[in-house]
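Asks: Have a look at this one before I ask anything.
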Amino acid sequence: RRIDEMGGMVAAVERGFPQREIQESAFRFQQAVERKEKIIVGVNEYAMEEKPFPILYIDDQVAGGQVERVRTLRQRRDHARVTRALADLKAAARGTDNLMPPILEASRAYATVGEMCDALRDVFGEYQEQPIF
C-alpha cells in the first residue's frame, strides 16, 4: 500500500524507501539480539568458549613474487590477442551478447582479471550506493 501511494516501486526506490526500510529493520533486529529478546544460538546464548585460531599472514615476499609473475606473464603473452579479446568483451557488454564466451577468450589470451574488470567497468561503470539517512 505504501509503495503504491508513492507511485510504484521505481518511485519508492528513487526516494530510498526500500533501502531505508531494510536499514531500519536490520537495526531493530540487531537491537533485539543485543538485548537478548531474540536468541541466536552460538551468538548471544549458548556460545562456546572462544579458542584462538591461527591467523593467516602472507609474507610480503609472496606478494612480490605474485607481482613478478604477472609482470612476466604480461611480457610473454600475445599483446594483440589480449587487446582483441578485451575489445570483444567490451563490444559484447555494450550489446546483449552472452559475456561468457568473450570472458573465456580473454582468459585464454592471458588477460588478467583486473584487465577484464576494467573493460567491463568502461562499459557499465561502477555502482555507487547512495547513503540513506
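Asks: Answer yes or no as to whether ARG77 is farther than 30 Å from MET6 by Cα, more than 27 Å from the chain's Cα centre (by Cα) and not small (Gly, Ala, Ser).
Replies: Values: farther than 30 Å from MET6 by Cα: yes; more than 27 Å from the chain's Cα centre (by Cα): yes; not small (Gly, Ala, Ser): yes.
Here the answer is yes, as ARG77 does meet what is asked.
Asks: List every residue pair whose Cβ atoms lie under 7 Å apart, where the two residues are 6 or more positions apart in sequence or sit on different chains, the first residue falls within region 75-95 and is over 14 Å from THR112 (Cα atoms) and without any contact (Cβ under 8 Å) to a residue 60 or more places away in the chain, and the second residue, located anywhere, is open to solvent by 50 Å² or more (accessible area, probe 1.4 Å) and among the aromatic types (Phe, Trp, Tyr).
Replies: Once the first residue is over 14 Å from THR112 (Cα atoms) and without any contact (Cβ under 8 Å) to a residue 60 or more places away in the chain and sits in region 75-95, its partners that are open to solvent by 50 Å² or more (accessible area, probe 1.4 Å) and among the aromatic types (Phe, Trp, Tyr) give ALA93/PHE124.
Asks: Could you list, in sequence order, all residues of region 15-58 that are closer than 18 Å to GLN130 by Cβ and surrounded by 11 or more Cβ atoms within 10 Å (Cβ to Cβ)?
Replies: If the condition is that a residue be closer than 18 Å to GLN130 by Cβ and surrounded by 11 or more Cβ atoms within 10 Å (Cβ to Cβ), then ARG15, GLY16, PHE17, PRO18, GLN19, ARG20, GLU21, ILE22, GLN23, GLU24 are the ones that fit.
Asks: Working only within region 3-19, note down all residues that are part of a helix (DSSP H, G or I) and under 24 Å from the mean Cα position of the chain (by Cα).
Replies: Across region 3-19, the qualifying residues are VAL10, VAL13, GLU14, PHE17, PRO18, GLN19.
Asks: Right, another one. I'm checking my understanding of the structure. Among residues of region 100-133 that are among the acidic types (Asp, Glu) and surrounded by 11 or more Cβ atoms within 10 Å (Cβ to Cβ), which one is nearest to ARG74 (Cα to Cα)?
Replies: GLU115
Asks: May I ask you to say which residue of ASP88, ASP118, ASP78, ASP97 is modelled with pLDDT under 95 and charged (D, E, K, R)?
Replies: ASP97
Asks: So ASP78 passes all but one of these: (1) more than 25 Å from GLY125 (Cα to Cα); (2) open to solvent by 100 Å² or more (accessible area, probe 1.4 Å). Which condition number does it fail?
Replies: Status for ASP78: all satisfied but (2).
The values are calculated or read from the model by the stated rules, or taken from the named source; none is laboratory data. None of these values were measured; they are calculated from a predicted model. Note: ideal-geometry Cβ built from the backbone for every residue, glycine included; neighbour counts use all protein chains shown. All accessible areas refer to the heavy atoms of the entire protein, side chains included, with ligands and DNA or RNA removed. Shrake-Rupley method; radii C 1.70, N 1.55, O 1.52, S 1.80 Å.
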